[in-house]
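Working notes, beginning with the structure itself.
No value in this document is a laboratory result; all are computed from the given coordinates. These figures come from a predicted structure and were not determined experimentally. A quick note on method: Cβ atoms are made from the backbone with ideal geometry, for glycine too, and the neighbour counts reach across all protein chains shown.
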Amino acid sequence: MKFNFLKIFIGKKNKNKNNSTKINITRKPKIGLVLSGGGTRGMAHLGALKAFEENNIKFDYVAGTSIGAIIGAFYCSQKFSVNQMIEMSKVIKIKDIKTSKIPFMPSKTDKMEQILIDHLGDIDIKQLNLPFAVVAVDMVSGEEVVFNEGRLSKVVTGSCAVPGIFSCVQYEKMNLADGGLSNNIPADVLKLLGCDYVVSIDLNFKRGQGTDSLKTVDLLWAALRILMKSNATKGKLYSDIIIEPHLSDFKSTKLDKLDDMINEGYRATMSKIIDIKNLLDPNKVKRRNIKIKEHKKQFKEDKLIDIDEEIDLFDKDL
């Protein structure tokens with residue numbers, strides 16, 4: 001994994017006998033939220049955010065991939081209530097985002113980028129009111145890139161640029177494409193950024209489904225689903241709580257059942273709300289040992305460094 005513009009703070013090593021590392025926490029645990037990709041099924045994220053808002057659950061860090069990057073950008077701006085976000089989503093149509101109606105002729109991301117600028121401003125990610133990380137793939141190097149700074153409208157649209165549907169977004173000598181190609185549930189990113197616990201919303205927990213069709217388009221989508229299944233497994237391993245809305249009845253390219261998707265996201269989140277509240281209470285949760293496997297990478301002092309051994313992650317303020 002290649003981290004661009006991502007800075008990790010490393011503390012002293014203190015390994016136990018099992019060669020794993022412990023996070024010693026005497027403060028309130030830091031909780032991260034992952035908003036996964038999933039096309040228009042991402043409207044279920046709004047239902048989840050509504051449940052969090054009603055229960056006064058706040059997160060310290062958010063990471064988003066694809067549609068999760070768009071929802072995450074609005075959420076982290078803290079300029080809008082969830083109900084306002086829902087109302088805005090009802091106004092936007094597919095034609096307001098896509099520029100091409102010709103099959104296999106990718107749309108430009110200009111319209112999507114302008115929507116972000118109109119509502120959030122042409123700002124840097126660091127100007128958001130809640131820390132935010134965006135996951136994309138650089139098609140030049142073939143590596144995953146994570147941004148916690150940089151031009152918001154560019155990196156978010158890059159994270160949404162599904163090959164064949166949207167053109168790549170050119171940014172800082174990279175050609176950015178959909179982050180779901182490499183990390184659809186970027187829980188590992190939040191753990192590397194110092195979150196003690198991560199709550200992930202998986203919009204497509206039944207991914208990996210094939211097809212009995214021989215049509216080229218159906219086969220391409222099936223291949224993509226199969227490809228993304230393995231990288232989603234990694235995200236689940238790094239997640240402490242996984243919210244899984246049942247969205248298989250909804251198409252990832254249609255907005256005609258928006259209210260139903262929002263309601264399902266709300267239902268799935270409310271079913272885990274007690275578990276999430278327990279994470280916020282340090283008296284109810286035992287600290288977990290976190291083992292960071294070798295070959296993780298950090299971006300430190302503007303140099304990419306390979307870490308070939310297990311490391312302890314500490315917050316900047318510890």
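In nanometres, what is the gap between the two model label sites at SER271 and SER248, each 7 Å from Cα along Cα-to-Cβ?
Simple spin-label model gives 1.3 nm for this pair.
Given points 7 Å out from each Cα along the Cα-Cβ axis, report the ILE123 to GLU172 separation in nanometres with one decimal.
Result: 1.9 nm between the two label points.
What's the extension gain from PHE80 to LEU280 if we count 0.36 nm per residue and subtract their Cα-Cα distance?
Gain in length upon complete extension: 69.6 nm.
So for the pair LEU130, LYS229, with labels modelled 7 Å out along Cα→Cβ, what separation do we get in nm?
Reported label-point gap for LEU130 and LYS229 is 3.3 nm.
Anything over 25 Å Cα to Cα? Flag those among LYS173/LYS229; LYS154/LYS215; LYS98/LYS215, in the order listed.
Over 25 Å Cα-Cα: LYS173/LYS229; LYS154/LYS215.
If we sort 121-131, 42-52, 142-152 on the protection proxy, mean other Cβ atoms within 10 Å, highest first, what's the order?
Highest-to-lowest ranking by the protection proxy: 42-52, 142-152, 121-131.
Under 5 Å between amide hydrogens, which residues at least 5 positions from ILE123 or on another chain qualify, with H placed 1.01 Å from N in the peptide plane?
LEU152, SER153
If the viscosity is 1.306 mPa s and the temperature 10 °C, what translational diffusion coefficient in µm²/s does Stokes-Einstein give for the stretch 116-220 when Rh comes from Kirkwood over Cα pairs?
The diffusion coefficient I find is 104 µm²/s.
Given LYS30/LYS79; LYS191/LYS234; LYS90/LYS277; LYS58/LYS126; LYS93/LYS126, which pairs have Cα atoms separated by over 24 Å?
LYS90/LYS277; LYS93/LYS126
Please state, as a whole number in µm²/s, the translational diffusion coefficient that the Stokes-Einstein equation yields for the stretch 69-136 at 37 °C and 0.692 mPa s, with Rh defined as the Kirkwood radius across alpha carbon pairs.
Reported coefficient: 247 µm²/s.
Can you list residues whose amide H is under 5 Å from VAL145's amide H, if they're 5+ apart or on another chain and H is modeled 1.01 Å from N?
Close amide H contacts, sequence-distant or interchain: ALA136, VAL137, ASP138.
What Kirkwood hydrodynamic radius, in Å, does the stretch 48-166 give when the mean of 1/r is taken over all pairs of distinct Cα atoms and then inverted?
It works out to 15.0 Å.
How long is the gain from ASP259 to ASP110 if the chain were fully straight, where each residue apart is worth 0.36 nm and the alpha carbon distance is subtracted?
51.0 nm
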